[in-house]
Amino acid sequence: MKSIIQMAVGLAMVGTVAMAGEVAPDDVAYDEYGAVAVSLTGVAGDPANGIKIMTERSKGNCIACHQVTALAEFPFHGEVGPMLDGVGANRSEAELRGIVANAKITFPESVMPSFYKTHGYIRPGDAFTGKAGTEPLPPLLTAQEIEDVVAFLMTLQD
Amino acid sequence: MKMTVLKSAIAGLALVATGVMAEEGTVGFEINGDIPIVTRVPAAAHLDGALSEAISGWEYRDSSTQAMQMDDFDNPAMLAVEQAAEVWNTAMGTVGKSCADCHGDVNESMIGIRATYPKWNEKAGEVRTLAMQVNNCLTENMGAEAWKYDGADMAAMEALISIPSRGMPVNVAIDGPVASVWEQGKEMYYTRYGQLELSCASCHELNYDNLIRADHLSQGQINAFPVYRLKDTGLVTTHGRFKGCVRDTRAETFAAGSPEFVALELYVASRGNGLSVEAPAVRP
């Protein structure tokens, strides 16, 4: 635990975007299957905020592509990705963190956007304006927002 | 008058009933009860199996929107068509001529035109869209100002010119002098633009018939363009739609009329070869 904190502190000094104690997007340690063992912030995720991120269009907008029975009260669930019911039982927290941070490492070529990434885009835009954006862009979700989503996904046990 | 021309244009198909397999595909509906519209057709060979069928966007709309397209009296795009018909007959520019002065009755001279664009223009040595061709007539033949590429005047004129081609199969050429532009368009179709890193194919090839949020994804065909969008209460051109779809990937979009969108239009049009021209269609 101590060493983790030390590492996070060390990274924060190099990273430009990351807040103190956060792992910056370029410094996330994915294993060979795309999982990320260590929290991006060291602060426990808040599943209630995770629900907000999952359902709000300007945030993760996850339900645009995924059906989630536990979020049935929020309208318009899409069918582009698999249903997420039970995903907290089927996958480890590390796997989920890796998928939410950058799904393309777990699923090469995936249609799912990479939520914790800031550069390497083709014609990056300034949000939804259609105008050019300048890299590094702010990641789609912050480190803590990813932890919040992961905490919510872990509640999906069946 | 209009009806006779339309009938003769589709004479061979007129006896085929809705839902029945025509030789070229499946007739999904009829416009005004007498223009059969093929909404499903085996995909063109140049798609190399990327799609098994080309399917019209009409198939993915709800029944009330579909119905508006089945009768010109219910189709809100027809108001713009009537206005464009007046423009067609109005002298413009320093030459003092109208479109009709050179082209006569639009329902005769423009039969089949919408179905083959974009296409190669030998004199200009370039691929031209219908909009480019109209602007070329305005500036070169009439001494008038070009219209905004995806503006209301252009959309209405494109809709008018499309009317005498309704029911005819889209048939754009992809070889010969247009081949390199077609390749450019194909490459764009599979490029994952923007911060969401989505290509046209991510949504319209891998996920058609799936819901994304509340939207039922179609194949993103353009046989129906320009379309009347109920949400915008106006016509939307092909490039207007492309602009929006690229913007929605959190990308820097391309300009309407840009060489990139001309190439993309040629490629996307070719993905719908065999579908009927439906323009102007109705969308939510």
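Full-extension gain between B:Thr116 and B:Met92, please, as 0.36 nm times their residue separation minus the C-alpha to C-alpha distance. Could you put the intermediate results ahead of the total?
Details: separation 24, 0.36 × 24 = 8.64 nm, distance 2.67 nm.
Result for the pair: 6.0 nm of gain on full extension.
Computed over neighbours whose Cβ is under 9 Å from that of A:Pro124, the net charge equals -1, Lys and Arg +1, Asp and Glu -1. In terms of other Cβ atoms within 10 Å, A:Ser110, B:Ser276, B:Ser199, B:Ser162 run from fewest to most in the order A:Ser110, B:Ser199, B:Ser162, B:Ser276. Estimated from the Cβ-Cβ distance and a Förster radius of 60 angstrom, the FRET efficiency linking B:Asp209 and B:Asp101 is about 0.80.
Number of Lys-Lys pairs in chain B with C-alpha atoms under 19 Å apart and a separation of 8 or more places or on different chains: 4.
With a Förster radius of 22 Å applied to the beta-carbon distance between A:Ala132 and A:Arg57, the computed FRET efficiency rounds to 0.50. Amide H contacts of B:Gly234 (H built 1.01 Å from N, in plane; Pro and chain starts excluded): B:Arg229 sit under 5 Å, all sequence-distant by 5 or more or on other chains.
Equivalent ellipsoid of the protein assembly as shown: semi-axes from √(5λ) of the C-alpha gyration tensor, largest first, are 48, 24, 18 Å.
Among B:Ser52, B:Ser63, B:Ser98, the order by Cβ neighbours within 10 angstrom, fewest to most, reads B:Ser63, B:Ser52, B:Ser98.
The alpha-carbon positions of the stretch A:2-155 define a convex hull whose volume is 118 Å³ per residue.
Total lysine pairs in chain A at Cα distances under 24 Å, for residues eight or more apart or on different chains: 7. Look at B:Glu187, B:Glu205 and count the other Cβ atoms within 10 Å of each Cβ; fewest to most, that gives B:Glu187, B:Glu205. When trypsin sites (Lys or Arg not before Pro) are flagged only if DSSP places them in a loop and at most 10 other Cβ atoms lie within 10 Å, the longest unflagged stretch of chain B comes out as B:1-122. Shape of the stretch B:63-135 from the C-alpha gyration tensor: oblate (a/c of 1.5 or more and a/b not above b/c, with a ≥ b ≥ c the square roots of its eigenvalues). Computed FRET efficiency, Cβ-Cβ of B:Asp74 and A:His119, R0 56 Å: what is it to the nearest 0.05? Efficiency for this residue pair is about 0.65.
Summed over qualifying helices (DSSP H, 4 residues or more, each -39500 (n - 2.57)) and divided by its residue number, chain A shows a 222 nm mean residue ellipticity of -10000 deg cm²/dmol. Rounded to whole numbers, the Karplus 3J(HN,Hα) couplings from phi for the stretch B:57-68 are x, 3, 4, 9, 9, 6, 5, 6, 5, 4, 5, 4 Hz, using 6.51 cos²θ - 1.76 cosθ + 1.60 with θ = phi - 60°, and x at Gly and Pro.
We did not get these values from a lab; they are worked out from the coordinates using the rules stated. As the structure is a prediction and not an experimental result, all values here were calculated from the model. Every residue, glycine as well, gets a Cβ built from its backbone with ideal geometry; the counts of neighbours run over all protein chains shown.
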